[in-house]
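First comes the structure, then the notes that go with it.
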Amino acid sequence: MLLLAAASLVAFVLLLYMVSPLISPKPLALPGAHVVVTGGSSGIGKCIAIECYKQGAFITLVARNEDKLLQAKKEIEKHSINDKQVVLCISVDVSQDYSQVENVIKQAQEKLGPVDMLVNCAGMSLSGKFEDLEVSTFERLMSINYLGSVYPSRAVIATMKERRMGRVVFVSSQAGQLGLFGYTAYSSSKFALRGLAEALQMEVKPYNVYVTVAYPPDTDTPGFAKENQTKPLETRLISETTSVCKPEQVAKQIVKDAVQGNFNSSIGSDGYMLSSLTCGMAPVTSIMEGLQQVVTMGLFRTIALFYLGSFDSIVRRCMMQKAKLETVDKTA
């Protein structure tokens with residue numbers, strides 16, 4: 001009976017493996033495609049632009065700093081594979097004025113054609129204890145990290161639906177999958193992208209438009225270096241429990257998942273575990289993906305409990321250390 005059950009399970013898995021490609025979206029061809037990358041002047045955004053350019057795409061870079069845009073343009077152009085490729089730079093704040101964002105997207109489409117893939121990478125991180133953060137910080141991060149993705153997406157989605165093709169990528173964070181000490185402002189703005197992505201995917205899937213949410217871990221970028229300057233001790237110690245990724249590695253995975261039409265894009269074993277644990281009602285792009293989530297959920301939840309316990313221990317130790325220092329200061 002056990003052999004029969006095992007054979008049946010193997011047969012079922014093989015059947016799912018054979019059937020799943022039939023329900024997966026058709027990959028997006030990047031050669032000649034128009035890819036728009038917000039926050040594309042540095043970090044992950046710039047690396048995504050380079051990765052797409054290497055595969056023959058036409059690039060529109062969107063960011064606020066004009067000098068950084070021009071510098072990024074020169075770097076990207078070194079990776080051209082033919083003399084027809086173009087890198088267009090547009091300086092605009094994607095989080096402030098929707099009509100302005102809509103206008104620059106129209107300009108880009110007039111020059112390079114309809115947008116085939118939009119990568120929303122504009123964002124920033126500020127950390128601190130909830131009561132220490134200014135209310136304006138919550139407003140600023142929600143504006144940049146959330147509305148800064150809503151506005152460009154809103155500007156391209158109608159054309160994508162009309163053309164019955166397209167990709168929209170939201171670059172969230174592992175801090176958009178679980179809330180961590182010091183990230184009450186940052187995590188909430190990144191969690192918001194998940195809700196937007198799930199609802200939008202359900203709307204646009206019948207039109208052959210696919211949404212990808214990327215959850216990169218700590219990545220060696222200028223933004224990460226700046227964040228570390230003011231990061232609370234607890235947040236820093238929790239972050240140090242995992243390694244820091246290279247932006248090129250993150251970019252390759254995001255582009256690969258977006259081209260395939262995968263809803264989730266994660267990096268490494270921790271990223272895979274988090275994506276499975278937090279899948280909830282998220283869409284899947286293959287039966288195998290859904291099966292893997294079902295099978296691994298219990299194991300990953302057990303592992304996650306140990307992680308959470310270690311994080312709580314870090315917070316408690318830091319609290320006790322601060323209490324001792326305060327006692328010493330009072331008696332000195």
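Given the criteria closer than 18 Å to Asn120 by Cβ, aliphatic (A, V, I, L, M), assigned to a strand (DSSP E or B) and within 16 Å of the chain's Cα centre (by Cα), does Val37 qualify? Spell out how you get there, then give the answer.
On the way: closer than 18 Å to Asn120 by Cβ: yes; aliphatic (A, V, I, L, M): yes; assigned to a strand (DSSP E or B): yes; within 16 Å of the chain's Cα centre (by Cα): yes.
For Val37, the condition - closer than 18 Å to Asn120 by Cβ, aliphatic (A, V, I, L, M), assigned to a strand (DSSP E or B) and within 16 Å of the chain's Cα centre (by Cα) - is met.
Select, from Ala185, Ala214, Ala199, the only residue that is more than 16 Å from the chain's Cα centre (by Cα), small (Gly, Ala, Ser) and closer than 17 Å to Val284 by Cβ.
Numbers: Ala185 fails: closer than 17 Å to Val284 by Cβ; Ala214 fails: more than 16 Å from the chain's Cα centre (by Cα).
Just one listed residue meets the conditions, Ala199.
What number of residues within the stretch 135-153 are in contact with a Phe, Trp or Tyr (Cβ under 6 Å, 6 or more places away or on another chain) and open to solvent by 10 Å² or more (accessible area, probe 1.4 Å)?
Number of matching residues: 1.
Being part of a helix (DSSP H, G or I) and in contact (Cβ under 8 Å) with a residue 60 or more places away in the chain is the filter here, so list the residues in the stretch 195-217 that pass it. Give the derivation first.
First, the residues of the stretch 195-217 that are part of a helix (DSSP H, G or I): 195-207.
Ala197, Glu198, Gln201, Met202, Lys205 - these are the residues of the stretch 195-217 that are part of a helix (DSSP H, G or I) and in contact (Cβ under 8 Å) with a residue 60 or more places away in the chain.
Considering only residues that are touching a strand residue (DSSP E or B) at 6+ places or on another chain (Cβ under 9 Å) and of a type in the set (A, V, I, L, M), which ones fall in the stretch 278-293?
Let us first name the residues in the stretch 278-293 that are touching a strand residue (DSSP E or B) at 6+ places or on another chain (Cβ under 9 Å), namely 278-279, 282-285, 289.
Correct list: Ala282, Val284.
So, in the stretch 154-171, exactly how many residues are open to solvent by 10 Å² or more (accessible area, probe 1.4 Å) and either at pLDDT below 95 or assigned to a helix (DSSP H, G or I) (or both)?
Looking only at that region, the number is 8.
When you look at Phe224, is it touching a strand residue (DSSP E or B) at 6+ places or on another chain (Cβ under 8 Å) and either over 22 Å from Asn120 (Cβ atoms) or of a type outside the set (D, E, K, R) (or both), yes or no? Don't jump to the end; show me each part of the working.
Details: touching a strand residue (DSSP E or B) at 6+ places or on another chain (Cβ under 8 Å): no; either over 22 Å from Asn120 (Cβ atoms) or of a type outside the set (D, E, K, R) (or both): yes.
When the stated conditions are applied, Phe224 does not pass them.
Restricting attention to the stretch 286-304, and to residues there that are without any contact (Cβ under 8 Å) to a residue 12 or more places away in the chain and surrounded by 10 or more Cβ atoms within 10 Å (Cβ to Cβ), which single residue is nearest to Lys26 (Cα to Cα)?
Step by step, filter the stretch 286-304, then rank; the result is Gly290.
Looking at (1) open to solvent by 20 Å² or more (accessible area, probe 1.4 Å); (2) assigned to a helix (DSSP H, G or I), find the lone condition where Pro283 falls short.
All conditions are met except number (2).
Can you report the number of residues in the stretch 252-270 which are in contact (Cβ under 8 Å) with a residue 60 or more places away in the chain, out of contact with any helix residue (DSSP H, G or I) (no Cβ under 7 Å at 6 or more places or on another chain) and open to solvent by 10 Å² or more (accessible area, probe 1.4 Å)?
Summing the residues that are in contact (Cβ under 8 Å) with a residue 60 or more places away in the chain, out of contact with any helix residue (DSSP H, G or I) (no Cβ under 7 Å at 6 or more places or on another chain) and open to solvent by 10 Å² or more (accessible area, probe 1.4 Å) in the stretch 252-270 gives 3.
Is the stretch 218-225 home to any residue that is assigned to a helix (DSSP H, G or I), open to solvent by less than 40 Å² (accessible area, probe 1.4 Å), in contact with a helix residue (DSSP H, G or I) (Cβ under 8 Å, 6 or more places away or on another chain) and closer than 17 Å to Ser95 by Cβ?
No, because not a single residue in the stretch 218-225 is assigned to a helix (DSSP H, G or I), open to solvent by less than 40 Å² (accessible area, probe 1.4 Å), in contact with a helix residue (DSSP H, G or I) (Cβ under 8 Å, 6 or more places away or on another chain) and closer than 17 Å to Ser95 by Cβ.
Go through Gly179, Gly113, Gly166 for me and flag whichever is free of Cβ contacts under 8 Å to residues at least 40 places away in the same chain and over 24 Å from Arg64 (Cβ atoms).
Just one listed residue meets the conditions, Gly179.
Does Ile50 count as touching a Ser or Thr at 6+ places or on another chain (Cβ under 7 Å) and either modelled with pLDDT under 95 or aliphatic (A, V, I, L, M) (or both)? I'd like the intermediate steps shown before the answer.
Details: touching a Ser or Thr at 6+ places or on another chain (Cβ under 7 Å): no; either modelled with pLDDT under 95 or aliphatic (A, V, I, L, M) (or both): yes.
No, not satisfied.
On the given criteria, is Gly43 touching a Pro at 6+ places or on another chain (Cβ under 6 Å) and either open to solvent by less than 60 Å² (accessible area, probe 1.4 Å) or at pLDDT 95 or above (or both)? First the steps, then the outcome.
Working: touching a Pro at 6+ places or on another chain (Cβ under 6 Å): yes; either open to solvent by less than 60 Å² (accessible area, probe 1.4 Å) or at pLDDT 95 or above (or both): yes.
When the stated conditions are applied, Gly43 passes them.
Which residue pairs have Cβ atoms under 6 Å apart, sit 6 or more places apart or on different chains, and have a first residue in the stretch 117-143 that is touching a residue at least 40 places away in the same chain (Cβ under 8 Å) and within 19 Å of Ser95 (Cβ to Cβ) and a second that is among the hydrophobic types (A, V, I, L, M, F, W, C) and open to solvent by 40 Å² or more (accessible area, probe 1.4 Å)?
Final answer for the pair search is Thr137/Leu126.
With the requirement that a residue be open to solvent by 30 Å² or more (accessible area, probe 1.4 Å), in contact with a strand residue (DSSP E or B) (Cβ under 9 Å, 6 or more places away or on another chain) and not hydrophobic (A, V, I, L, M, F, W, C), what does the stretch 46-73 give you?
Lys46, Arg64, Asn65, Glu66, Lys73
For residues that are surrounded by 23 or more Cβ atoms within 10 Å (Cβ to Cβ) and over 22 Å from Lys256 (Cα atoms), tally how many sit in the stretch 188-217.
Residues that pass the stated criteria total 1.
Can you tell me which residue is farthest from Lys252 (Cα to Cα) among those in the stretch 172-184 that are among the aliphatic types (A, V, I, L, M) and open to solvent by 10 Å² or more (accessible area, probe 1.4 Å)?
Let us first name the residues in the stretch 172-184 that are among the aliphatic types (A, V, I, L, M), namely 175, 178, 180.
Next cut, open to solvent by 10 Å² or more (accessible area, probe 1.4 Å) only: 178, 180.
Values: Leu178: 24, Leu180: 26 Å.
Looking at the filtered set, the residue picked out is Leu180.
The values are calculated or read from the model by the stated rules, or taken from the named source; none is laboratory data. Here the structure is a predicted model, which means the values were calculated and not measured. Backbone-built Cβ (ideal geometry, glycine too); neighbour counts: all protein chains shown. Surface accessibility is based on the protein's heavy atoms, side chains included, excluding ligands, DNA and RNA. Shrake-Rupley method; radii C 1.70, N 1.55, O 1.52, S 1.80 Å.
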